[in-house]
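Colleague: I have a structure I would like to understand better, so I am pasting it below and will then ask my questions one at a time.
The values are calculated or read from the model by the stated rules, or taken from the named source; none is laboratory data. Remember, predicted model here, so these are calculated numbers, not experimental data. Here the Cβ positions follow ideal geometry from the backbone for every residue, glycine too, while neighbour counts run over all protein chains shown.
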Amino acid sequence: MTTTITNSKNIIGFSVLGLGTLLGLVSVGYVLMIGHSNAYNLTRQIPWGILISTYVFFAVSCSGLCLVSSLGHVFGIKEFEAIGKRAILVAILALLTGFGVIAMELDHPFRMAIWVILSPNPLSAIWWMGTLYGLYLILLCIELYAFIKENHRLASLVGLVGFVVAISACSNLGAVFGLLEARPFWHGPYLPIFFILSALVSGCALLALIVYFNHSLRGIEMPPEYKKFMITLGKLQALLLGILLFFIIWKIIPGLYEKYPGIYEATMAALSGKLSFNFWFFEAFLGLILPFILLLNNSTRTPFGVMLAGLLTTVGVFFMRYDMVIAGQIVPMRISDGGKATGVLHYVPSVAEMGIVIGSICACLFVYVLIEKKFDLSHTGHH
Amino acid sequence: MKKKRFAMVFDISKCIDCKACTVACKAENNIPLVKDNYRNWITEGPLRGKYPKLGQSYIPGQCMQCANPPCEHVCPTSATYVNVDGIVLVDNKKCIGCKYCMTACPYDARYYNEKTGAVDKCTFCVQRTSVGRIPACVETCPTKVRVFGDLNDPESEVSKLLTKHPYRVEKPEIGTQPFLFYLV
């Protein structure tokens, strides 16, 4: 009976993910047929949209997964040793998905592959982004290989190098935005540092989901070591969310304090303008405050509660990336229309952009679940 | 031969907002006729005075041909570069369409040209200026708002204008060191 229920759950799950992936593929085909400018709602004033923010979501999640999993096989915290292999696998899938999404954002991804090597510009944060995440992908593959072969010495060594590259890559991704003096809302050292912290938050949230669903979808009870891991993860995540809350507060206060042009308008767009529902509902309430309460409270800090908090935070972080990318471009560079500022600019993702985003998330999950079904990823422990 | 440093000087008191410069630019440079596609523009300045005695200026703009161009710094494939005459150019075949330069430019001077498959911007009509002619926008301007020339030549009209008159540049606080000058 249980097997039948599990099988039907599996079929429904795979069908939903398959349909989502198909939607993504249809969107990709549509974009290739009619061109980026007709398929995307991007303009010369807002050239980066939801595909960039989704790439950031995947890439930073990838870094976060490795940073948190390194607590086990690099820094020797016992509870975290159980999740190394799965964390690395999902990190690889997240990064590959991110690369896929950004390839759809670029007009010439194949030219990129040639010219970043033949005509590199080491002054460019995007050049470093490609280089660091490319190197990181290789390290992750070696790390996964070490886990599969149960070579813990190699896993620890590559994990340590990976830890450094993970922080470099995700903080450099923050610098892609932070180095632009033309965009006051992004400019400065805040975003590179913020990306490191938010990577840790993303990593913890995703790990909670991976561990919980890995057991519940197979219909098996969670072993005590994993329950203990979930509780420890919940405590760590509560601490990180508390710190993140203050990072966000300290992004807002200077934005309002002196009404600095460019920063004030973007901050107000998040607080009471076009991005306010995203900010207050998804980012602040769902992504931050609700999970923080769930994780602080002993009675809700159960494996289920930690998973729920992780799910809410993952959704919140997705919107956090979107709001950050759009808010930075929402203030026009030129004052026009009789000298009065036209206010903030308008951007809503097109159907094709949404299709690619949904497709990328579904494809990533689809491949992960498939690998879980086909291969044994359970932890074998140190020898 | 001595290196050139091309620049443009604007006397905005002469601008009548006829947009002949924008039209001439599009025709000269085969710019596809789509809403976002333009290399130069005219911004309306704020209204001055009180009704019925009102005044307004029109401010032509385009790529500022910065000496410290953020678009060049951010380009991951060095598709954006500065030529020997100080003109910021894009090598179309190297442009990957990441649009980082568009987010980095503080003047919104760039757009993505679907026809060339690359980000496009004002080149001071390099195809003309490299053979000693002046840019199309300068040539067409009916009220002679624009003056183009070589700042390394003290006898050029641009050098003389900037010696004689006070001037300003756009967003000097960002440190881009623009080579478009507005007489004040």
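Colleague: Yes or no: segment B:88-102 includes at least one residue that is within 22 Å of A:Ala182 (Cβ to Cβ), of a type in the set (Val, Ile, Thr) and touching a helix residue (DSSP H, G or I) at 6+ places or on another chain (Cβ under 6 Å).
Modeller: Yes; the residues of segment B:88-102 include at least one that is within 22 Å of A:Ala182 (Cβ to Cβ), of a type in the set (Val, Ile, Thr) and touching a helix residue (DSSP H, G or I) at 6+ places or on another chain (Cβ under 6 Å).
Colleague: Going by the conditions given, is A:Tyr264 free of Cβ contacts under 8 Å to residues at least 60 places away in the same chain, more than 30 Å from A:Pro224 (Cβ to Cβ) and assigned to a helix (DSSP H, G or I)? Break it down into steps so the answer makes sense when it comes.
Modeller: Details: free of Cβ contacts under 8 Å to residues at least 60 places away in the same chain: yes; more than 30 Å from A:Pro224 (Cβ to Cβ): yes; assigned to a helix (DSSP H, G or I): yes.
Answer is yes for this residue.
Colleague: Out of all the residues in segment B:39-59, which are more than 9 Å from chain A (Cβ to nearest Cβ) and among the aromatic types (Phe, Trp, Tyr)?
Modeller: Passing the criteria: B:Tyr51, B:Tyr58.
Colleague: Of the residues in segment A:183-223, how many are assigned to a helix (DSSP H, G or I) and modelled with pLDDT under 90? Spell out the reasoning first.
Modeller: Within segment A:183-223, the first condition is being assigned to a helix (DSSP H, G or I), and the residues that meet it are A:190-216.
Those left that are additionally modelled with pLDDT under 90: A:213-216.
So the answer is 4.
Colleague: Also: Kindly provide the set of residues from segment B:122-144 that are of a type in the set (Val, Ile, Thr) and not in a helix (DSSP H, G or I), ordered by number. Working first, answer last.
Modeller: So in segment B:122-144, the residues of a type in the set (Val, Ile, Thr) come out as B:123, B:126, B:129, B:131, B:134, B:138, B:140, B:143.
Correct list: B:Thr123, B:Val131, B:Ile134, B:Thr143.
Colleague: Let me ask something additional. Specify the residue that is nearest to A:Thr313 (Cα to Cα); the eligible residues are those in segment A:21-61 that are among the small types (Gly, Ala, Ser) and surrounded by 20 or more Cβ atoms within 10 Å (Cβ to Cβ). First the steps, then the outcome.
Modeller: As a first pass, look at segment A:21-61 and keep what is among the small types (Gly, Ala, Ser): A:24, A:27, A:29, A:35, A:37, A:39, A:49, A:53, A:59, A:61.
The next check asks that each one be surrounded by 20 or more Cβ atoms within 10 Å (Cβ to Cβ); those that pass are A:24, A:27, A:39, A:49, A:53, A:59, A:61.
Values: A:Gly24: 24, A:Ser27: 27, A:Ala39: 30, A:Gly49: 21, A:Ser53: 16, A:Ala59: 16, A:Ser61: 12 Å.
Checking each candidate, the answer is A:Ser61.
Colleague: Which of the residues that make up segment B:80-98 are within 13 Å of chain A (Cβ to nearest Cβ), outside any strand (DSSP E or B) and among the polar types (S, T, N, Q)?
Modeller: Listed by number, the list holds a single entry, B:Asn92.
Colleague: Out of the residues in segment A:26-44 that are away from every other protein chain (no Cβ under 11 Å) and touching a Ser or Thr at 6+ places or on another chain (Cβ under 8 Å), state the one that is farthest from B:Gly117 (Cα to Cα).
Modeller: A:Asn41
Colleague: Of all residues in segment A:50-75, which are under 12 Å from the mean Cα position of the chain (by Cα) and either among the aromatic types (Phe, Trp, Tyr) or not in a helix (DSSP H, G or I) (or both)?
Modeller: A:Tyr55, A:Phe57, A:Phe58
Colleague: Can you report the number of residues in segment B:60-79 which are more than 9 Å from chain A (Cβ to nearest Cβ) and part of a strand (DSSP E or B)? Spell out how you get there, then give the answer.
Modeller: So the first thing to find is which residues in segment B:60-79 are more than 9 Å from chain A (Cβ to nearest Cβ), and the list is B:60, B:62-69, B:71.
Retained after the next criterion (residues that are part of a strand (DSSP E or B)): B:60, B:62.
The number of residues fulfilling the criteria is 2.
Colleague: Also, quick follow-up: Looking at A:Gly273, A:Gly305, A:Gly310, can you tell me which residue is at negative phi, away from chain B (no Cβ under 14 Å) and part of a loop (DSSP other than H, G, I, E, B)?
Modeller: Details: A:Gly305 fails: part of a loop (DSSP other than H, G, I, E, B); A:Gly310 fails: part of a loop (DSSP other than H, G, I, E, B).
Of A:Gly273, A:Gly305, A:Gly310, the one residue that is at negative phi, away from chain B (no Cβ under 14 Å) and part of a loop (DSSP other than H, G, I, E, B) is A:Gly273.
Colleague: Also: Is there a residue being under 22 Å from the mean Cα position of the chain (by Cα), surrounded by 14 or more Cβ atoms within 10 Å (Cβ to Cβ) and not in a helix (DSSP H, G or I) anywhere in segment A:76-92?
Modeller: The answer is no, given that none of the residues of segment A:76-92 is under 22 Å from the mean Cα position of the chain (by Cα), surrounded by 14 or more Cβ atoms within 10 Å (Cβ to Cβ) and not in a helix (DSSP H, G or I).
Colleague: In the set A:Leu160, A:Leu135, A:Leu140, A:Leu144, which member is more than 9 Å from every other protein chain (Cβ to nearest Cβ), free of Cβ contacts under 8 Å to residues at least 40 places away in the same chain and closer than 16 Å to A:Ile88 by Cα? Spell out the reasoning first.
Modeller: Details: A:Leu160 fails: free of Cβ contacts under 8 Å to residues at least 40 places away in the same chain; A:Leu140 fails: free of Cβ contacts under 8 Å to residues at least 40 places away in the same chain; A:Leu144 fails: free of Cβ contacts under 8 Å to residues at least 40 places away in the same chain.
Going through A:Leu160, A:Leu135, A:Leu140, A:Leu144 in turn, the sole match is A:Leu135.
Colleague: For segment B:24-59, what are the residues that are assigned to a strand (DSSP E or B) and out of contact with any helix residue (DSSP H, G or I) (no Cβ under 9 Å at 6 or more places or on another chain)? Don't jump to the end; show me each part of the working.
Modeller: If we filter segment B:24-59 for residues that are assigned to a strand (DSSP E or B), which is where we start, we get B:40-44, B:48-50, B:53-55, B:58-59.
Those that are assigned to a strand (DSSP E or B) and out of contact with any helix residue (DSSP H, G or I) (no Cβ under 9 Å at 6 or more places or on another chain): B:Thr43, B:Glu44, B:Arg48, B:Gly49, B:Lys50, B:Lys53, B:Leu54, B:Gly55.
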